[in-house]
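This report refers to the structure that appears directly beneath it.
The values are calculated or read from the model by the stated rules, or taken from the named source; none is laboratory data. Predicted model only: the values in this text are computed from it and were never measured. Every residue, glycine among them, receives a Cβ derived from its backbone with ideal geometry; neighbour counts consider all protein chains shown.
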Amino acid sequence: MSRVLIVEDEEGLVLTLSDRLQSEGFETDFARDGDEGIKKASEGSYDLILLDVMLPKTNGYDVCREIRASGSRVPILMLTAKNETIDKVLGLKLGADDYLAKPFEMVELLARVEALLRRSEALTNGRSAAGFQFEDIDINFKNAEVTREGEPVDLSAMEFKLLQFLVENQGEVHSRDELLDAVWGYDAMPTTRTVDVHIAWLRQKLESNPKRPRHIQTVHGFGYKFVA
Ligand code: CA
């Protein structure tokens, strides 16, 4: 059974969300402010977190940042107020997986929740081991840490996810659209340019010669693949 943590201060919305999620077979827990949200997220094991932006004490962005800083990669769906365009970009940058503007249809929320859970399961199932090594690079999937010659490499949440997906599906060629779907999720940042930029950053950080990458390869006319 999947466990969902609802971090939301609107009493009524918490009730509606809990009821609906429970009737769909989810187990739910909730936190009424940002601090409680951070505490629960770090203590409990949740499969997904619904995170409101406007929260008492600590706002949703900071909660998201804290959760990611702790090394957790639990899927986070942010609930933003209407027309907060800039804010949703910020949320995604801070490591949220998706966002939904209020007010939303419950059906829409459930679809997003299920898509995020499917994606996170696919990533987990594809994982053959707790870690992976190539050349002088060491990847720890559990802690979301990468080292190069023993020194930590600073990767953003999305860079790590992209690297993980490529490594777990190594040898296979993935189109930019496929990578967007698998790593960013539908409706996130709908541009394949995002993929190219992240690939370039990963090469910069991981390849001994980023201009002639040996591991994160371009397959012209198709996309990218990882080769150990
Ligand atoms: Ca609120």
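Residues that are within 16 Å of the ligand (Cβ to nearest atom) and either among the hydroxyl-bearing types (S, T, Y) or under 13 Å from M106 (Cβ atoms) (or both) within segment 13-25 comprise L13, L15, T16, L17, S18, listed in sequence order. Taking R212 as the residue in question, decide whether it is of a type in the set (K, R), over 26 Å from L90 (Cβ atoms) and modelled with pLDDT of 90 or more. When the stated conditions are applied, R212 passes them.
Residues in segment 80-95 include none that are away from the ligand (no atom under 14 Å from the Cβ) and at pLDDT 95 or above.
Whenever a residue of segment 33-60 is closer than 17 Å to V4 by Cβ and assigned by TED's automatic domain parsing to the domain that holds N143, it has no partner that is away from the ligand (no atom under 11 Å from the Cβ) and modelled with pLDDT of 95 or more lying with C-beta atoms less than 8 angstrom away and at least six residues away or across chains. So K39 passes all but one of these: (1) in a loop (DSSP other than H, G, I, E, B); (2) over 26 Å from R118 (Cβ atoms); (3) more than 12 Å from the ligand (Cβ to nearest atom). Which condition number does it fail? It is condition (1) that K39 fails. For segment 121-135, the criterion of a residue being more than 16 Å from the ligand (Cβ to nearest atom), surrounded by 17 or more Cβ atoms within 10 Å (Cβ to Cβ) and at pLDDT 90 or above is satisfied by no position. Being within 16 Å of the ligand (Cβ to nearest atom), within 22 Å of A182 (Cβ to Cβ) and at pLDDT below 90 is a description that does not apply to G71. Restricting attention to segment 7-53, the residues that are among the β-branched types (V, I, T) and farther than 13 Å from C64 by Cα add up to 3.
Only residues that are more than 11 Å from the ligand (Cβ to nearest atom) and surrounded by fewer than 16 Cβ atoms within 10 Å (Cβ to Cβ) were counted in segment 42-59, giving 5. Only one of the numbered conditions (1) in contact with a Ser or Thr (Cβ under 6 Å, 6 or more places away or on another chain); (2) modelled with pLDDT of 90 or more is not met by Y99, and that is (2).
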